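Engineer: This is the structure I have questions about; it appears just below.
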Amino acid sequence: MPQVRCLGNDGNMLGVMPTEQARQLARQQGLDLVEISPNADPPVCRIMNFGKFRYEESKKEKMARKRQHALVVKEIKFHVTTEEHDYQTKLNNVKKFLTKGHKVKLSLFFRGRENVHRDLGFRLIERVLKDSSDVGAVEMAPKMIGRGLFAVMAPKGAASRSATKPAGATPAPQASVQQPPAAKPVAIPVPESTAPAPTQ
């Protein structure tokens, strides 16, 4: 490629320049010239420490996988006729799971004549949601599915995090030009340099 649009290590635009000039700038800083948007015209490159970038991306991916693996849905079953002692035991389990970072599915099935008193079931599940609101947030409000009543709680803050950032997502290098979504950073070797070779 004869010319590239070059970004500095701080993300500021340095402008369009010959590829060799961009390599020289990277060499002077002991950094790598990394192609971040090959399909742009001209291609977009950034001066950065490619080895450090790959290492940080790898750490982020591992943390995302760890969080995703740790998120387990636990189910606690209730009945319309649940006694107070049994209720407190189940409530403590709900709180324990939420505190450990698990989601909790609350389920209550109506049996026989209990179908006539569905309001009691709703009141019971809503009580659980209220009594555990100090450690959890409602992800799914009480909802009838068939003969069962269900609700889902998530650890406080987990629902908002998953809504703003999908699990496993890693940010791509930023540039002030249009970049195709499939673009992947690739290090462009800096020849005859005393700097460490780019990590592939």
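The values are calculated or read from the model by the stated rules, or taken from the named source; none is laboratory data. Because the structure is predicted, anything quoted here is derived from the model rather than measured. A quick note on method: Cβ atoms are made from the backbone with ideal geometry, for glycine too, and the neighbour counts reach across all protein chains shown.
Engineer: Sort out which residues of segment 3-41 are surrounded by 14 or more Cβ atoms within 10 Å (Cβ to Cβ) and among the β-branched types (Val, Ile, Thr), and write them in order of number.
Structural biologist: Within segment 3-41, Val4, Thr19, Val34, Ile36 meet the criteria.
Engineer: For segment 75-108, what are the residues that are of a type in the set (Asp, Glu) and part of a loop (DSSP other than H, G, I, E, B)?
Structural biologist: Glu83
Engineer: Output the number of residues of segment 65-87 satisfying the condition of being surrounded by 19 or more Cβ atoms within 10 Å (Cβ to Cβ) and free of Cβ contacts under 8 Å to residues at least 12 places away in the same chain.
Structural biologist: Selection size over segment 65-87: 0.
Engineer: Which one of the conditions (1) loosely packed, with under 12 Cβ neighbours inside 10 Å; (2) assigned to a helix (DSSP H, G or I); (3) in the same structural domain as Leu149 (by TED's automatic domain parsing) does Lys62 fail to meet, given that it meets all the rest?
Structural biologist: (3)
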